[in-house]
Amino acid sequence: MLMQPTIEKLYSMRLTGMAEAIRRQMQDPEISQLSFEERLALLVDQQWDWRQNKAFGRRLKKARFKTAAAVEDIDYRHPRRLDRQLIRSLSACDWVRQHHNLIVTGPCGVGKSFIAEALAQKAVREGFTSLYVRAPRLFRDLAVARADGSFGKLLDRIARIDVFLVDDWAMAPLVDSERRDFLEICDDRYTTRSTILTSQVPIAQWHDQIGDPTVADSILDRLVHNAHRLELQGESIRKTKSLTSSDTGSEPPAGGTKPAA
């Protein structure tokens with residue numbers, strides 16, 4: 001039986017996974033040993049996997065992560081008080097389903113961004129949407145949106161994101177427009193979505209960085225009370241690896257090194 005017309009119809013119906021699975025079955029001499037039901041099940045499974053992979057690729061692209069971080073690549077050997085059991089628990093993404101937040105603090109170079117992105121990427125693998133942005137870029141985008149009239153649309157877009165990752169939060173004192181804009185974001189997402197914040201500044205100092213006591217209380221109430229915390233310590237991973245390379249006389253590979261976890 002000629003299958004090419006059938007395959008072309010599958011492509012036209014965007015059943016690419018099933019079409020490609022049929023091509024593979026036609027090249028497998030042992031496929032005839034399977035029953036019709038078994039072969040059909042394989043075709044459906046291939047189509048399902050193809051759609052899931054395509055959807056994951058779209059979510060991952062829209063997340064705009066700056067590194068290819070994954071929870072499987074997190075390094076637990078470096079002494080930075082990283083709780084392996086807590087990471088394993090967060091990797092299950094129940095905190096996202098329950099609309100909890102995550103706060104990752106610690107000094108420069110201990111891998112805050114990598115860990116935050118790895119957990120956000122795991123959420124993307126679980127079917128959630130995510131978006132990565134550095135705090136300075138976020139506030140610039142908000143200011144531009146206010147100026148060109150798209151502020152409401154930007155807030156609506158952020159409100160719909162399941163896991164909103166803001167890197168380098170509270171590194172500098174916030175001006176009035178920044179703290180009020182961020183309060184709007186927190187209001188929109190409170191108990192409905194999850195937010196990840198990374199910062200070199202301890203949580204105890206965030207109130208001063210936000211500035212206005214009333215607005216600071218409102219922001220922190222919406223961010224901190226239901227947040228899981230990873231408070232990292234220790235030396236910079238990049239500094240430690242640099243010293244190790246210097247001591248051993250080794251050189252980093254051409255093209256740079258993979259970002260440390």
Inset, instruction - Considering only segment 215-247, state which residues are open to solvent by 100 Å² or more (accessible area, probe 1.4 Å) and either hydroxyl-bearing (S, T, Y) or modelled with pLDDT under 80 (or both). - result: R238, K239, K241, D247
Legend entry - Tally, over segment 106-132, of residues that are in contact with a Phe, Trp or Tyr (Cβ under 8 Å, 6 or more places away or on another chain), open to solvent by less than 10 Å² (accessible area, probe 1.4 Å) and of a type outside the set (G, A, S): 2
Inset, instruction - Any residue in segment 200-220 that's more than 25 Å from R80 (Cβ to Cβ): show its pairings with residues that are in a loop (DSSP other than H, G, I, E, B) and of a type in the set (A, V, I, L, M, F, W, C) at Cβ separation under 6 Å, as long as the two are six or more apart or on different chains. - result: I210/L174; G211/L174
Legend entry - segment 133-191, subset open to solvent by 80 Å² or more (accessible area, probe 1.4 Å), of a type outside the set (D, E, K, R) and outside any loop (DSSP other than H, G, I, E, B), residue nearest to I115 (Cα to Cα): V144
Inset, instruction - Please enumerate the residues belonging to segment 139-159 that are modelled with pLDDT under 95 and in contact with a Phe, Trp or Tyr (Cβ under 7 Å, 6 or more places away or on another chain). - result: none
Inset, instruction - With the condition kept exactly as written, say whether any residue in segment 24-34 is touching a residue at least 12 places away in the same chain (Cβ under 8 Å), outside any loop (DSSP other than H, G, I, E, B) and open to solvent by less than 100 Å² (accessible area, probe 1.4 Å). - result: yes
Inset, instruction - Return yes when L197 is part of a strand (DSSP E or B), in contact with a helix residue (DSSP H, G or I) (Cβ under 6 Å, 6 or more places away or on another chain) and open to solvent by less than 10 Å² (accessible area, probe 1.4 Å) and no when it is not. - result: no
Legend entry - Contacts under 7 angstrom Cβ, first residue in segment 40-69 being more than 20 Å from A116 (Cα to Cα), partner assigned to a loop (DSSP other than H, G, I, E, B), 6 or more apart: Q47/L15
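For (1) in contact with a strand residue (DSSP E or B) (Cβ under 6 Å, 6 or more places away or on another chain); (2) closer than 18 Å to E235 by Cα; (3) outside any helix (DSSP H, G or I); (4) modelled with pLDDT of 95 or more, each residue gets a yes or a no:
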| residue | (1), (2), (3), (4) |
| --- | --- |
| R81 | no, yes, yes, no |
| Q85 | no, no, no, no |
| S89 | no, no, no, yes |
| V110 | no, yes, yes, no |
Legend entry - Flag if A55 is among the small types (G, A, S), under 16 Å from A123 (Cα atoms) and either outside any helix (DSSP H, G or I) or open to solvent by 70 Å² or more (accessible area, probe 1.4 Å) (or both): no
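Yes or no, residue by residue, for (1) under 30 Å from S236 (Cβ atoms); (2) not small (G, A, S):
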position: Q4; (1), (2): no, yes
position: Y11; (1), (2): no, yes
position: G17; (1), (2): no, no
position: S35; (1), (2): no, no
position: L40; (1), (2): no, yes
position: W95; (1), (2): yes, yes
Legend entry - segment 70-105, residues that are within 17 Å of G127 (Cα to Cα) and open to solvent by less than 70 Å² (accessible area, probe 1.4 Å): A70, V71, L90, S91, A92, C93, W95, V96, H99, H100
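The values are calculated or read from the model by the stated rules, or taken from the named source; none is laboratory data. Values in this document were obtained by computation on a predicted structure and should not be read as measured data. Here Cβ is always computed from backbone atoms with ideal geometry, including for glycine, and neighbour counts include all displayed protein chains. Quick note on the areas: whole protein, heavy atoms, side chains included, nothing else; ligands and nucleic acids left out. Shrake-Rupley method; radii C 1.70, N 1.55, O 1.52, S 1.80 Å.
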